[in-house]
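> Take a look at this one; I'll ask things after.
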Amino acid sequence: MVPADQGGGVMRTDLLAETVDGVDEAMAAVDAFDKALVVGLLRPHAVLTTGLTELADAITGTPLAARVAEAAEKAAAGAASEDHFVALAAARTALVGSVHDALTARVEEATGRARAEESGAAPAGRQAGNLLAAARSWLSDLARGGWQGIDHEVVSGAAPVVSAMLPDPELRRAATVLDGFAAELAASCPGSTLERVPVRRWADLWSRAMILTVPGAADVPVTGTATGRLLPLGVDVQEHATAVQAQVHAVFEPADGAAPRLVRASVSVPKPDTVVGAGLWQLLRPHMSLLAAVSEGRSMDLTDMPLTAGGDLVWSDERARTGKPADAFATARVAMSTATAAATAPLDRHPARIAAPVFLEGYDAQQGDEGLTFTLAGHGLAVDTDRIPTAGPLTPEAVAASVACIGLLRWDAGAFTVQPLAVETLVRKKPAAIHAGAWAGGTSDKAGVKAEKAATDAGAVLRERAGRLLRK
């Protein structure tokens, strides 16, 4: 909710609560195919036949229809080739992408935000034949056996492929997906004893990895450069046992006076599974000066920073310098409502990837049995406090006591939710802003200093142990 007298308007929360046409039907077809992956595509099975039929029927009339119909027929007979598996993965990806597009259109309608037109630029399609073919072969074997058929021998086949792909920067995206997927499968072996299978998640990973084996699919072309002022809104931290990413959402104001844009800047690094909480920033800081600007509440001046059509800055510290103070809530109130959202990159068209920056105020925060809810204009919006990182001072309690919030509008479990990035609240009866990324560039906050020291001590122990192992 952005006050109308400040250039915005009331966000249509009623639209976020309404059913989006076609979403349930598309996801039903996706779920049917996902169940087929559980039992495997090697032998004829009733679940397999139903899943393949529903997937093929769902894309009737599209350019993929003929190829997918053939792939479904071959898979139902237990005779599918790797090309057929790619076609099935493409069909599933297209269906999920259509759901993303429908939900994104609803977000734009609710927020009144314009979106940039999609770029016609096509990926270059660099050939990396042997390694991509090896990855495709492993993924095909997984699909044939299904999740119930996984064992350590099958899963371990990914290791040499990942090791060979990781050194190549152009293959690293696919390698990372394969590595994480294989690690999850290995932790669940043997599949025949699994009481619960993460059906949709593994199908998401399988189909995404399969598409990434198509030469050029992982390419993200840089379509221009950014020169102007970057105004940070907040930081989203995404953590895995062996990796962490910090993604800064911001408003970019071009120096030529063009309309402001919503952009992102991300940094990802590998990490030991024992480094958690505030210790994550020690791994991330050396790779992005923007994190320090976020902590200090400053803008950054960019010069010819590479920018993709999807709104991602390809960050380079050499092309950025720290600017003047810039309050994130002032940016949200004044600039965010007029900023244009970027088009979504093809492979990012997935409901789980929806993360639209929003500014909310004038809500009533209510804590119920099902969690925290912001009620705006008589309509409730669930607050996803589980996404608040432990690497900062923002807490669910602070969100519940807040009067204004900068967040990301997301889609989860069939409903829109908001993930808080920062809130305005009262601390010792005085107005204060609390940011999830407040410790990103360092802090004098007592809790932050204590957490940093604990992380430093843990890092020192790990380095000492690693050195001992190397000496042996």
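> So in segment 422-436, with the set limited to residues that are part of a strand (DSSP E or B) and of a type in the set (Gly, Ala, Ser), which one is nearest to residue 388 (Cα to Cα)?
At the first step, the residues of segment 422-436 found to be part of a strand (DSSP E or B) are 422-427, 430-435.
Right, trim to of a type in the set (Gly, Ala, Ser) and you get 422, 432-433.
Details: 422: 10, 432: 18, 433: 15 Å.
The selected residue is 422.
> When you look at residue 357, is it more than 21 Å from residue 291 (Cα to Cα), out of contact with any Lys or Arg (no Cβ under 6 Å at 6 or more places or on another chain) and surrounded by 14 or more Cβ atoms within 10 Å (Cβ to Cβ), yes or no?
So residue 357 fails the test.
Rundown of residues vs (1) of a type in the set (A, V, I, L, M); (2) part of a loop (DSSP other than H, G, I, E, B); (3) touching a Gly at 6+ places or on another chain (Cβ under 6 Å); (4) within 30 Å of residue 222 (Cβ to Cβ), yes/no style:
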position	(1), (2), (3), (4)
137	no, no, no, no
140	no, no, no, no
143	yes, no, no, no
162	yes, no, no, yes
172	no, no, no, yes
175	yes, no, no, yes
180	no, no, no, yes
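> Sort out which residues of segment 70-88 are surrounded by 15 or more Cβ atoms within 10 Å (Cβ to Cβ) and either under 19 Å from residue 135 (Cα atoms) or of a type in the set (A, V, I, L, M, F, W, C) (or both), and write them in order of number.
71, 72, 75, 76, 80, 82, 84, 85, 86, 87, 88
> Which condition number in (1) in a strand (DSSP E or B); (2) in the same structural domain as residue 251 (by TED's automatic domain parsing) is the one that residue 285 fails?
For residue 285, the failing item is (1).
> Right, something else. List, please: which pairs have Cβ atoms under 9 Å, are six or more places apart or on different chains, and start with a residue in segment 305-329 that is of a type in the set (Phe, Trp, Tyr) and end with one that is surrounded by 15 or more Cβ atoms within 10 Å (Cβ to Cβ) and in a loop (DSSP other than H, G, I, E, B)?
Within 9 Å, the pairs are 315/288; 315/289.
> Can you tell me which residue is surrounded by the fewest Cβ atoms within 10 Å (Cβ to Cβ) among those in segment 360-389 that are part of a strand (DSSP E or B) and within 20 Å of the chain's Cα centre (by Cα)?
382
> List every residue pair whose Cβ atoms lie under 7 Å apart, where the two residues are 6 or more positions apart in sequence or sit on different chains, the first residue falls within segment 107-127 and is at pLDDT below 70, and the second residue, located anywhere, is outside any loop (DSSP other than H, G, I, E, B).
119/223; 121/223; 126/170
The values are calculated or read from the model by the stated rules, or taken from the named source; none is laboratory data. Since we're looking at a predicted model, the values are computed, not measured. So basically every Cβ, Gly included, is an ideal-geometry build from the backbone, and we count neighbours across all protein chains shown.
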